[in-house]
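Quick notes on the structure that follows.
The values are calculated or read from the model by the stated rules, or taken from the named source; none is laboratory data. Treat the numbers as computed from the prediction; the structure is a model and nothing was measured. Cβ atoms come from the backbone with ideal geometry, glycine included; neighbour counts cover every protein chain shown.
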Amino acid sequence: MAKKFVRAVFPGSFDPITNGHLDVINRGIKLFDELIVAVGNSPIKNQLFTLEERVEMIKPLIAGIEGVTVQSYDCLTVEYAATVGATAMLRGLRNLTDVQYEFQLAMTNRAVAGIETIFVMTSEQYGFTSSTLIRQIANLGGNVSNLIPQSVYEKLKKRLIEKNRLD
Ligand code: ADP
């Protein structure tokens, strides 16, 4: 039987991308032929970087990983996946709260669009890494430099200075 070509999307808000996300990307690409990091807008999260800024930050970080690209999207995730011809969705799991939320999301996405979700477990050192927490810690002056790539850390520091000047 001929081997199937599998294109997957890794959707998220990536505001900003963290070492935890990169770890999921590096392990996830081993399961697929192509992986598109899909940057979307989360209506419930207060965004720090624009869609374009998030995409631009990710580009150099995935440039050396064969088969991985990045795009932004502005519609339902399953619609986006269908548009780009993806048959699988990649997601990461950190803890039981993630499992509960992701379980419901994966069931819904399969029911409405027939798309399968593939999960990878976080590496232990990133079990507590979330973009939301990073934004909060950094905003209070905490050091998050070992949780995000250096280039992202520089942009985050700059953005928080600009933001706090306006607040
Ligand atoms: P966050 O939850 O950090 O705000 P996203 O909404 O961008 O991030 O999440 C996109 C996907 O990446 C989700 O499936 C989320 O569970 C996963 N993810 C985020 N951080 C990690 C991590 N440290 N380890 C494993 N998976 C993660």
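A quick yes/no check of all residues on (1) among the hydroxyl-bearing types (S, T, Y); (2) in contact with a Leu (Cβ under 9 Å, 6 or more places away or on another chain):
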| site | (1), (2) |
| --- | --- |
| A111 | no, no |
| T117 | yes, yes |
| M121 | no, yes |
| T132 | yes, no |
| A138 | no, yes |
| N143 | no, no |
| L147 | no, yes |
| S151 | yes, yes |
| N164 | no, no |
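Taking into account only those residues within the stretch 133-149 that are under 21 Å from E56 (Cα atoms) and over 17 Å from the mean Cα position of the chain (by Cα), which is surrounded by the fewest Cβ atoms within 10 Å (Cβ to Cβ)? Give the steps one after another, and end with the answer.
From the stretch 133-149, those under 21 Å from E56 (Cα atoms) are 134-135, 138, 144-149; that's our starting set.
Those left that are additionally over 17 Å from the mean Cα position of the chain (by Cα): 138, 144-146.
Numbers: A138: 21, V144: 20, S145: 14, N146: 9.
If we take residues in the stretch 133-149 being under 21 Å from E56 (Cα atoms) and over 17 Å from the mean Cα position of the chain (by Cα), then N146 is surrounded by the fewest Cβ atoms within 10 Å (Cβ to Cβ).
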Item to complete: Go through the residues of the stretch 78-89 one by one and say whether even a single one is of a type outside the set (A, V, I, L, M) and in contact with a helix residue (DSSP H, G or I) (Cβ under 6 Å, 6 or more places away or on another chain).
Response: no
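Restricting to the stretch 27-40, what's the tally of residues that are surrounded by 15 or more Cβ atoms within 10 Å (Cβ to Cβ) and either away from the ligand (no atom under 11 Å from the Cβ) or within 18 Å of T87 (Cβ to Cβ) (or both)? Step through it out loud before you land on a result.
Within the stretch 27-40, the first condition is being surrounded by 15 or more Cβ atoms within 10 Å (Cβ to Cβ), and the residues that meet it are 27-29, 32, 34-40.
Those left that are additionally either away from the ligand (no atom under 11 Å from the Cβ) or within 18 Å of T87 (Cβ to Cβ) (or both): 28-29, 32, 34-38.
Going through the stretch 27-40 one residue at a time, the tally reaches 8.
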Those residues of the stretch 115-148 which are at pLDDT 95 or above and more than 13 Å from the ligand (Cβ to nearest atom) amount to I115, E116
The helices (runs of 4 or more DSSP H) lying wholly within the stretch 16-117 that contain at least 1 residues that are over 14 Å from the mean Cα position of the chain (by Cα) and touching a residue at least 40 places away in the same chain (Cβ under 8 Å) are 51-62, 77-83
